[in-house]
Amino acid sequence: MRRLLAFLLVGLALYGVYWFALNRLFDAGSYRKQVAFGSVFVPYGWVYALGLLLGLVLLLLLYSLIHTALTNRIQGRKRSPWPLFWQGVTHLFLWVLILLVYYPVVQVVAASFDPTNNLFSFRRPDTGFLLLDAKVIPYVPEPSLENYAKLVEGVVLYPYQVGLLLLGGLALLGVALIGLLRRLLTPEDWMDFWQGRLLLLLALAVFALALTLSPRQFTGQGTEAKFLLWVRNTFLISGLTGLLAVLLTATAGYAFARFRHLPGRYPMLLFLIFVQMFPGFLALVAIYYLLSRLDLLNTFTGLVLAYSGGIISFGTWVYKGYLESISPSLEEAAMVDGATKWQVFTKILLPLSAPMFVFIFLLQFVGTYSEFVLANLVLTGVESWNVGVGLRSFTTGQFQTKWGIFAAASVLGSLPILLLFYGFQQYFVSGYTAGAVKE
Amino acid sequence: MKHPPGLKGFLLALSLLLGLLILSTGVGILGYLALEAYLAPPGWTILVLALLVMVPGAILVGRLFPWLTDWYYFLPALSFLLVFTLYPIALTVYLAFTDYSGARSGFPDRSTETQVVAQEGPRLLLEEPVEEALRCRPCAGETVEVYAEGHRLRARILEAEGNALVLDRIPPFQAAFVAKVNAFRFVGLRNFSFILSQASKALFPVFAWNVVFALSTVLLNALFGLILGLVLNNKALKLRNFYRTVLIVSWALPGVITVQVWVALLNYNFGAINRLLGVLGIYPIPWLNDPDWAKVAILLVNLWLGFPYMMTATLGALSTIPDELYEAAKVDGANPWQALWGITLPLLEKPMLPILLSSFAFNFNNFYIIYLLTGGGPAQEGRLATAQATDILISWAYKTAFSAEGQSAYGLGAAISLLIFVLTVAISLVNFRVTGALREVR
């Protein structure tokens, strides 16, 4: 039965590919045999590319044959050259893949430094080098920070905000430095301690900055000068949503983990799982109606409240699992000494749970940073847009699109999440995959 | 006092908690309605009032039934789930059977705003004949909003004659204006019969593409992730951690930004992808302008976005397979190919299946990639304006309710959402059955 299903799926997929190849790929009538104005066209270029790859593979083969022959002669052993060859082919494959995966990233980063919008125009550079002329390798004749400058144009910071910014920058530097030291030296206790403190400082500085910035400080002309305001909005929304997620899940997770005597614990857990089946954003019409009735459209409060339901089930579930992995003996000792449940929770368990709270916070923060449906629905005014909604205004709506500024904004807007993700990589990787298994 | 045991105790606790919630919400709504005529407060006053009632109420009930305090730990999560997840779902079901729309939004229609000349108890004298000013015929039974600076009140018209109308209640302020409220009505199954009558123009093709999209994107990503996972799981490979870290980049970038970047890269005339293809001797491809190529573009972009997750998941699952199995197989003379088909793939099935299923459920409602990449387009003949070549169910619902093409047909959008709910729950049930998540709870 299962095998039949698999065969059916594969058959259908193959048929789809076949149909597409027949009707689109190899059907000359279905596409224009015309090269876009100003672009480079190399007839049978793919043959050259394949030839290049083949040549590299042959080189690898030659290298591994000679290398093994030499080492065999010197060491007097008989080893097969094939493992070395396959190792080399694997590296080649991975590097080609890396080139493909990073191609879009490189193009956008390059476009952000290009004030002439060269990468998005018909103008064809004349350098004599094929790949540069084709702009496959980005051709940026006069790189400058002009696009970035336009994004921060007219932003007025108060002195204490500059101070906060500096504080945050220093904290970030410290965190990075300790991270580097941790790699180089053997990890020690003081590193953990100070890294934690500095991270907290960084988070507080960023949060304070987000809270104190007001739309009036963005005086530049045009929508692009509001970009930093959108970043601030996103930080505010995602940060508040993350905090709310921690607040809402902490007590429930504790109760599920420790109050095993309560009747109805099992149905409540079932209820949580049941609720998780309904992705909240599917009820978008109802959420829109609810928020319009509560006069919360175009407010951050409305969006934060609409997001809040999303993580409760998952967060509670994860936190419950974490608490169950901690031995209750300490709590029992405290209970014997007359501590109440609330005291046990706040004095003993909360300090122990910091890593879990960071995890839940980050999950919700990163998740809502990328959320689009509800944000697009709720945030209607230019000054309350978040990054995702705001970026859309650069590429749609207007006749003339601001590609360079769009690229710069994309780079800046992605940086925080990129840093968070790579900084807390373990959290995300284990969290998403383990979560998927446990859901 | 001890907690009452068993089912009785559970139901008692639950009814006390729910009673508290319902009571405070009720007080909030009633308080809002009472305040409306005097202060015209914003809608969220309901929430504040409810909170003001709930906190002292909880303390009071806690004094009366000390055993209930254990349940208070559930209260924050429970109340948020009820108000912002379950209530919207119930509301969706209700709205799906109404003609709620931009024109019938439940808000006063400002174009019918008419000045009140004189007021005497519930009797208002307008400057124009009622039937013309409020555009209603007959006017008796219609809901109107009466307002003045800082005051507002909703009332029903009892009778209307000439310039005068009689309300069912007396406004406690000097009324300045009156406007008709565009109330929405219960229309039964009309939204669903509309969906079915237009099924060949919207529902069937959209649903078919939705399933094909979710299925092929999961299979494609899983296949790619599996290959990469197998390659990177080779412990003899140098730099494997480096490769893993570097290849994960498209997962680390916020999708809402990268998808929009892809729109620029897939541009027909000067997109970076077509430039690369030109160097390879391939004519420019209309990635986002052709109904079929747009589907391929979506699958490819989703592959770029999604393969790191599948790769990581595969690596995680592979790390649970003990090395001894391979050693034993080697001793028995199996070649690597046989080890792959005999050991690795069968053992991968169990941990990967739930990941594939939840990935399917996620992609089934993957709104943002569709909406941001193609906007559901390009346009295809013989389809509704809201359901174009690459629209999936959720983007169809969104466009029906909130875009210019859909003309703000909220009720219809809610009906489509309801369909999606049913499908999503069905997928989740299959998921639970396969993974045994419900058994694990015990």
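The values are calculated or read from the model by the stated rules, or taken from the named source; none is laboratory data. Values in this document were obtained by computation on a predicted structure and should not be read as measured data. Ideal geometry is used to build each Cβ from the backbone, glycine not excepted, and the neighbour counts take in all protein chains shown. For accessibility, only protein heavy atoms count, side chains too; no ligands or nucleic acids. Shrake-Rupley method; radii C 1.70, N 1.55, O 1.52, S 1.80 Å.
Would you check if there is a residue in region A:320-338 being part of a helix (DSSP H, G or I), of a type outside the set (Ser, Thr, Tyr), touching a Phe, Trp or Tyr at 6+ places or on another chain (Cβ under 6 Å) and closer than 25 Å to A:Phe235 by Cβ? Checking region A:320-338: not a single residue is part of a helix (DSSP H, G or I), of a type outside the set (Ser, Thr, Tyr), touching a Phe, Trp or Tyr at 6+ places or on another chain (Cβ under 6 Å) and closer than 25 Å to A:Phe235 by Cβ. Scanning region A:162-215 for residues that are surrounded by fewer than 17 Cβ atoms within 10 Å (Cβ to Cβ) and not in a helix (DSSP H, G or I) turns up A:Leu185, A:Thr186, A:Pro187, A:Glu188, A:Ser214.
The one condition from (1) more than 9 Å from chain A (Cβ to nearest Cβ); (2) more than 27 Å from B:Val296 (Cα to Cα); (3) touching a Phe, Trp or Tyr at 6+ places or on another chain (Cβ under 9 Å) that B:Val430 does not meet is (3). Taking region A:75-99 only, how many residues are modelled with pLDDT of 90 or more and open to solvent by 100 Å² or more (accessible area, probe 1.4 Å)? The total comes to 3. Scanning region B:380-414 for residues that are small (Gly, Ala, Ser) and in a loop (DSSP other than H, G, I, E, B) gives B:Gly382, B:Ala385, B:Ala387, B:Ala389, B:Ser403, B:Ala404, B:Gly406, B:Ser408, B:Ala409. Count of region B:65-79 residues, restricted to those that are within 7 Å of chain A (Cβ to nearest Cβ) and either at pLDDT below 90 or surrounded by 19 or more Cβ atoms within 10 Å (Cβ to Cβ) (or both), is 4.
Here is a check on your reading of the model: is A:Pro43 in a helix (DSSP H, G or I) and either at the interface with another protein chain (Cβ under 10 Å from one of its Cβ atoms) or open to solvent by 90 Å² or more (accessible area, probe 1.4 Å) (or both)? It is false that A:Pro43 is in a helix (DSSP H, G or I) and either at the interface with another protein chain (Cβ under 10 Å from one of its Cβ atoms) or open to solvent by 90 Å² or more (accessible area, probe 1.4 Å) (or both).
Return the only residue of B:Thr344, B:Thr435 being open to solvent by 20 Å² or more (accessible area, probe 1.4 Å) and polar (S, T, N, Q).
B:Thr435
Looking for whichever is over 20 Å from B:Leu418 (Cα atoms) and of a type outside the set (D, E, K, R) here; the options are B:Ala404, B:Ala397, B:Ala387. Which one fits?
Among B:Ala404, B:Ala397, B:Ala387, only B:Ala404 is over 20 Å from B:Leu418 (Cα atoms) and of a type outside the set (D, E, K, R).
For region B:223-243, a residue qualifies if it is at pLDDT 90 or above and either β-branched (Val, Ile, Thr) or under 11 Å from A:Leu94 (Cβ atoms) (or both), and the qualifying residues are B:Ile227, B:Leu228, B:Val231, B:Leu232, B:Phe242, B:Tyr243.
Please indicate, with yes or no, whether at least one residue in region B:55-64 is open to solvent by less than 20 Å² (accessible area, probe 1.4 Å), assigned to a helix (DSSP H, G or I), closer than 30 Å to B:Ala176 by Cβ and in contact (Cβ under 8 Å) with a residue 24 or more places away in the chain. There is no residue in region B:55-64 that is open to solvent by less than 20 Å² (accessible area, probe 1.4 Å), assigned to a helix (DSSP H, G or I), closer than 30 Å to B:Ala176 by Cβ and in contact (Cβ under 8 Å) with a residue 24 or more places away in the chain. The helices (runs of 4 or more DSSP H) falling completely within region B:198-258 that include 1 or more residues that are open to solvent by less than 30 Å² (accessible area, probe 1.4 Å) and facing chain A (nearest Cβ under 7 Å) map to B:240-247, B:249-252.
Residues in region A:365-394 that are part of a helix (DSSP H, G or I), under 18 Å from A:Lys226 (Cβ atoms) and open to solvent by 30 Å² or more (accessible area, probe 1.4 Å): A:Asn376, A:Val382, A:Glu383, A:Arg392. The helices (runs of 4 or more DSSP H) located wholly in region B:303-379 that include 2 or more residues which are in contact with a helix residue (DSSP H, G or I) (Cβ under 9 Å, 6 or more places away or on another chain), within 10 Å of chain A (Cβ to nearest Cβ) and within 23 Å of B:Val206 (Cβ to Cβ) occupy B:345-364, B:367-373. Residues in region A:133-161 that are surrounded by fewer than 16 Cβ atoms within 10 Å (Cβ to Cβ) and over 21 Å from A:Gly413 (Cα atoms): A:Ile137, A:Pro141, A:Glu142, A:Tyr158, A:Pro159, A:Tyr160.
Residues checked against (1) of a type outside the set (Ser, Thr, Tyr); (2) touching a residue at least 40 places away in the same chain (Cβ under 8 Å):
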position	(1), (2)
B:Tyr72	no, no
B:Leu75	yes, yes
B:Leu78	yes, yes
B:Arg110	yes, yes
B:Glu132	yes, no
B:Glu149	yes, no
B:Asn163	yes, yes
